[in-house]
Structures are given as structure tokens and as C-alpha cells.
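One structure is given below, encoded as C-alpha cells.
We did not get these values from a lab; they are worked out from the coordinates using the rules stated. Quick caveat: nothing in here was measured; it's all calculated off a predicted structure. Every residue, glycine among them, receives a Cβ derived from its backbone with ideal geometry; neighbour counts consider all protein chains shown.
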Amino acid sequence: MDIIVSKDLKKKFKLKHGQQVNNNGVISNEIEVLDGFDLKIKKGEFLVLVGPSGSGKSVFLDIVGGLSAPTSGVVYLDDKVIEAPSAKTGYVFQQYALFPWRTALSNIEFGLESRGVPPEERVQTARELLAIFGLSDFEDRFPYQLSGGMQQRVAIARALATKPEVLLMDEPFAALDAQTREILQNELIRIWEGTDTTVIFVTHSIDEAVFLADRVAVVTARPGQVKDIIEIDLPRPRDGDVRSSNEFAANRHKVWDALKAEVNKAQQDWKLAPGFAG
């Protein structure tokens, strides 16, 4: 069963005065980010989007999350057109986006609090998630008192607290060091495998995509379209040892083989036209 369906999705942004960009050889003050982005995402699957920078992966997440409207086309969540943020959806951003005046515990409580969940139930849920992420001893710490990895654990726990049907994750581990990143990948997989949550995850790391995904959607250079869907044939449950297997290497090669031409194209296409600043 498909929980997310995107049909002929297109998105353009107007540039600031004096800015121009090259759209397939045409100089314009509008940038085409998505053009015919078609994708079906199965309920309960872990789908990863990979593609060159600027190919519209994060824009697609914003549209699914109801944070941005398409220029044309449509995205459905449970057969209903997405027109605004939904209680069925959680979002984890690349930046930790925690409230600095709230402790780890109260940050996780926030979504439950906004939905009117009683205080005792909120605290119980938040403490259970802190325990799952190994943060029970840090519930009274403020974000500035936590490492980057700890802050992102809290951000993920906050998103999971409301038990979303769909979890959107926009390069959530990109700012972390390699060791912390691998630990959090392992924790995310372990927690997700015990749920029926659908995850849509954006990354530039092919290794991360292969380790996490049921399927990898390869996105073209701007304007973004889905070029290929690659089934990752690695057994679950997965642990870190799978990264050193021949099967992992074979799947990695399949993803890179589909992606490399788009990366090369993006390097050419992102030569900005005269007058474009930023």
C-alpha cells in the first residue's frame, strides 16, 4: 500500500532582483527545482533520496511536510492532497532545531504538549524515549549542555514522540563526526525496525543510503526528477557489520552507477549566469 504518492510535481522559486540562473540554456530569474517529480512510497518502508546538491530533495520533503506548496502537480498522504502540515508527519532537520530554553525532556514533550496530552503521559513518553536513546541522565540538560550527537538524538526523539505515520529526515546526520554518525545510523535503524513508521530520508552519502534504505530513489540534476529506484537487497535486521560485506559493496555500486552522471551534469549546470549573487 502506498502512503505517499507524488504526481507530476513541479516547483519554481523566484530569485531576488538582479539574480539570474541558467535553466537548460535559458537565462531566467526563476529557478526550476522540481519538474515532473513522480514517486510512490510504500507504507512502512525506509526510502532514501540521493541526488546532486540543488536537485530538489529537501524541497520535496518540505512539500510532503506541508511547509511548501508546489507550483503545480500534487502529493497525496493517505489518498488526501497535502495542503498544510499534518499531525501524521514528523520532521527532523539537518540543524537540531531544539528550543534553547527547554531541557531535553521538555523539548521531547513539546509535540505532545501542543496536542493537549496530559503532563504525566507526556513526561512518561519523553523519559521512555530518552532511555531508548541512552540519554536518561541528561533529561534536565539544556541544548547548549549537550553534544551535537546528543542534540540530534533529542530532535529525533521529539519527532518520534507523537508516533508519526511518516517521518521526514533531511540530512539529519550531516553535521556530525563520522563515529557519531555511524552510531546514530545504527540506533535509527534499530528503533525504526520496531515500528510501522514510513521514513523519507535525504542524504548525500551513498554509504548511508545503502545502509538505511529499503529502496533508494536517485534524483536527477536540477530540475529534479526521479531517475531510478534501486531496491537494496540487504537482509534486516541490519547492523554495522553489513557495511564490510560484498553485498553492501554491490548495492553501493548500483546506486553510484545511477547517480554519477547526474553529479557530473550538476557540476556543469550550476555554473551561475552573470548577475547571479549567492
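Shown for Phe211, Phe248, Phe99: other C-beta atoms within 10 Å of each C-beta, ranked fewest to most, produce the order Phe99, Phe248, Phe211. With respect to the chain, whose longest principal axis is taken over its alpha-carbon atoms, helix 148-161 is tilted by about 80°. Subtracting the Cα-Cα distance of Lys227 and Glu187 from 0.36 nm times their residue separation leaves 11.4 nm of extension gain.
Which residue fluctuates the most in the chain, going by a Gaussian network model with Cα springs under 10 Å, if the choices are Thr220, Thr103, Thr89? Judging by the Gaussian network model, the answer is Thr103. In the set (1) 52, 39, 33; (2) 65, 53, 36; (3) 58, 47, 38, the label that goes with Cα extents along the principal axes in Å computed for this structure is (3).
Here's the list of lysines a cross-link from Lys10 could span, going by alpha-carbon distance under 26 Å and ignoring same-chain residues fewer than 8 apart: Lys40, Lys42, Lys43, Lys57, Lys80, Lys88, Lys227, Lys260, Lys265, Lys271. Under 17 Å between alpha carbons, and skipping anything fewer than 8 positions from Lys7 in its own chain: which aspartates and glutamates qualify? Excluding near neighbours in sequence, the set is Glu32, Asp35, Asp38, Asp62, Asp78, Asp79, Glu83, Asp228. The long axis of helix 119-132 is offset from the longest Cα principal axis of the chain by roughly 70 degrees. Coordinate range of the alpha-carbon atoms in segment 100-162 per principal axis, descending: 30, 23, 17 Å.
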